[in-house]
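The values are calculated or read from the model by the stated rules, or taken from the named source; none is laboratory data. Just so you know, these numbers come straight off a predicted model, no measurement behind them. Note: ideal-geometry Cβ built from the backbone for every residue, glycine included; neighbour counts use all protein chains shown.
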Amino acid sequence: MAYLGPPGTFTEEALLTQPDLAAAKHKLCRSIPEVLESAAEGQVDLGFTAIENSIEGTVNVALDALIFEHDLLIQREVVIDVRLHLLGLVGASLETIQRVISFPVATAQCRRYLTDNLPHAEEVAANSTAAAARDLSISKDAASAAVGTILSQHIYGLELLATDIEDHPENQTRFVAVSSSGVPAPTGHDKTSIVVFQRADRSGSLMGILAEFAARSINLTKLESRPTKKALGDYCFLIDLEGHVADQLVADCLTSIVAKHGEVKFLGSYPTNIRGNEEQSNAATTAWSEAQSWIDDLRGQVDPT
């Protein structure tokens, strides 16, 4: 499987929480697009990448690649708590730091700390938090620090200058494993991700799409608009919903959206650790099944001649 390197990234920390993924043969990539391209071209069985952060929101480079560049299916999601630390060379101190190196998304997640404690430090972008730690250890620059993980601190022999510098202690990142084919079997605790491209940009079109979910009591866990890259004001909608495409309600809903509202790109149905309102979902499924049986019985009475 492929994931963002070098050793010590948050991606690696998330991957190591999954015994089967940790035991796989690993390909470390220089960027998220390279991870997804490796999976799309069949160089690896799985690609593993961050897709969303609770502070900074969507990891756009990953999401746009899934929407516009590759036909990949999400196999599972992994959510981990994110703890960010300021790392420096042995003997360095906050007073000597003039530059802070890290992945821009990570730097943005500790904006308050950096503003309060290193207001004059230059921010330098790196391909990942681990790349920042690795480059710092190679450079031997005591005037630089890296924002990274405990794992990278140990790997590259750095010192902890400050711990838990993220702006919000509830900081979490969501990762997904993707493959070129296959939909995992339903578990009863599943999520489905789709992208809807409107057939026509007209008043009420989004409301019409959302009404399909509301009519079936399907709970949405994410709704986000993304530019289609065709023209200003032209957007598609990324939607995460509770349930699996094998569920009758979900299948019926997606069918209706395709028939009435626009093109749907299916990104996957996969297990989730986030529990929704399962009692409400089960009641809606039962009601729909009973209604389907009722209409099937009526149609069964139609004279075939």
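On the given criteria, is A106 of a type in the set (G, A, S), at pLDDT below 90 and not in a loop (DSSP other than H, G, I, E, B)? I'd like the intermediate steps shown before the answer.
Numbers: of a type in the set (G, A, S): yes; at pLDDT below 90: yes; not in a loop (DSSP other than H, G, I, E, B): yes.
Answer is yes for this residue.
From the list D81, D45, which one is surrounded by fewer than 21 Cβ atoms within 10 Å (Cβ to Cβ) and modelled with pLDDT of 95 or more?
Values: D81 fails: modelled with pLDDT of 95 or more.
None of the other options fit; the residue is D45.
Starting from the range 236-257, keep only residues that are small (G, A, S), then list their pairs with residues that are part of a strand (DSSP E or B) and crowded, with 19+ Cβ neighbours inside 10 Å whose Cβ atoms are within a distance under 8 Å, requiring at least 6 positions of separation or different chains.
G243/D190; G243/K191; G243/T192; G243/S269; A246/S269
If you go through the range 125-149 one residue at a time, how many are in contact with a strand residue (DSSP E or B) (Cβ under 6 Å, 6 or more places away or on another chain) and not in a loop (DSSP other than H, G, I, E, B)?
Initial filter on the range 125-149 (in contact with a strand residue (DSSP E or B) (Cβ under 6 Å, 6 or more places away or on another chain)): 126, 128-129, 132-133, 136, 144-148.
Remaining after also requiring not in a loop (DSSP other than H, G, I, E, B): 129, 132-133, 136, 144-148.
So the count comes out to 9.
State which residue is nearest to T173 (Cα to Cα) when the search covers only the range 6-42 and only residues that are in contact with a helix residue (DSSP H, G or I) (Cβ under 7 Å, 6 or more places away or on another chain) and assigned to a loop (DSSP other than H, G, I, E, B).
Checked the range 6-42; the qualifying residue nearest to T173 (Cα to Cα) is T9.
Do you know which of the residues in the range 187-218 that are buried (at least 17 other Cβ atoms within 10 Å of the Cβ) and part of a loop (DSSP other than H, G, I, E, B) is modelled with the lowest pLDDT?
R216
Of the numbered conditions (1) crowded, with 21+ Cβ neighbours inside 10 Å; (2) under 25 Å from I165 (Cβ atoms); (3) not polar (S, T, N, Q), V61 satisfies every one except a single condition; which is it?
(1)
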